[in-house]
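Each reported figure results from applying straightforward, stated rules to the coordinates on display, with no laboratory input. Note that this is a predicted model, so its numbers are computed, not measured. As a convention, Cβ positions derive from the backbone with ideal geometry for all residues, glycine included, and neighbour counts pool all protein chains shown.
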Amino acid sequence: MNEHRLHQRLRELGFREDSYFLNGSCNEAYCLKKSASGWCVYYYERGLQTGRRDFAKKSNAYEYLKTLLISDATTYRLLPERHHGHG
């Protein structure tokens, strides 16, 4: 999966676009970045990386990023409430 496809998939899953960044660091977001050892995923806030994990394979980094987003309720877009009328 490439970055474009991952971005599409994350949108389809309902994640806010400002909750992640796929090519470096962005404040108050989960970030994916190329590193010396392959790829890294971390949360970036106020100039600090927290919870950084490194991966040799990009696909493993993608899966970990998705896991982090799923586990954080603040990353989801608010979807319009559906009204089910009767009759």
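Within the range 19-38, residues that are in a strand (DSSP E or B) sit with their Cβ atoms under 9 Å from residues that are among the acidic types (D, E), at 6+ positions apart or across chains, in these pairs: A29/D18; A29/E45; Y30/D72; L32/E3; S35/D54; G38/D54. Scanning the range 41-63 for residues that are more than 14 Å from the chain's Cα centre (by Cα) and outside any strand (DSSP E or B) returns R46, G47, A56, K57.
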